[in-house]
1. Return a yes/no flag: does the range 15-38 have any residue that is more than 30 Å from Gly109 (Cβ to Cβ), open to solvent by 10 Å² or more (accessible area, probe 1.4 Å) and over 15 Å from the mean Cα position of the chain (by Cα).
2. Given the residues His99, His91, which is the only one that is surrounded by fewer than 14 Cβ atoms within 10 Å (Cβ to Cβ) and either assigned to a loop (DSSP other than H, G, I, E, B) or at negative phi (or both)?
3. Run down Arg149, Arg165 and say which single residue is at negative phi, without any contact (Cβ under 8 Å) to a residue 24 or more places away in the chain and of a type in the set (Lys, Arg).
4. So which residues in the range 107-134 are at positive phi and open to solvent by 60 Å² or more (accessible area, probe 1.4 Å)?
5. How many residues does the range 127-146 hold that are touching a residue at least 60 places away in the same chain (Cβ under 8 Å), outside any loop (DSSP other than H, G, I, E, B) and not charged (D, E, K, R)?
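The values are calculated or read from the model by the stated rules, or taken from the named source; none is laboratory data. Small disclaimer: the values here were computed from a predicted structure and weren't measured. Neighbour counts are summed over all protein chains in view; Cβ atoms, including those assigned to glycine, are modelled from backbone coordinates with ideal geometry. Remember, those area values only see protein heavy atoms, side chains included, never the ligands or the DNA or RNA. Shrake-Rupley method; radii C 1.70, N 1.55, O 1.52, S 1.80 Å.
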Amino acid sequence: MPHTPSFPKDELDRRIAKAREALVERKLDGVVIAVPENIYYLTGLDHWGFFAAHVLVLNADGKMALSCRAMERITVENQVTNATFYGHKDHEELSDYVHRAMKDLGLAGGRVGIETRSLFLTAHHADRIRDDRMGIAWSDASGILDNIRLIKSPLEMEYTRKAARAVDLGTLA
């Protein structure tokens, strides 16, 4: 059975545009996103594999790359249409694939934020990602996307109302 995206392309595009505005405001060329809710927000990736680190790289042009375990390829291909997949084998380092994605997205030598307040990005991965040898000026980008997610679009409000109604009906039953 084919996967039906939770949100249409124009909604995801609106979210990416908001994230790009936040990058411009902070004078960042890109951001490394490690909070699963923020990855879902920008890509629609919804699965149980987040126990292993996933990293989404977004550049100021709105191009994205998703680095995670290679075994997630089928899930990502079925759910994510707006990010390039960089899958690492379990014996390989996630950071090597994040670096490749960052280079491919033109972030070498740039100013890049990283979400350091993620339960799913270990210190090991974060340290290796920041040890990029590409001349990147790093800054903490924790909370940037969280703040964007606070203001809901009309579609998000509609979905929230439908979910609340379902909960009400379930509680009453």
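1. No, there is no match, as no residue in the range 15-38 is more than 30 Å from Gly109 (Cβ to Cβ), open to solvent by 10 Å² or more (accessible area, probe 1.4 Å) and over 15 Å from the mean Cα position of the chain (by Cα).
2. His91
3. Of Arg149, Arg165, the one residue that is at negative phi, without any contact (Cβ under 8 Å) to a residue 24 or more places away in the chain and of a type in the set (Lys, Arg) is Arg165.
4. Arg133, the sole residue that qualifies.
5. 4
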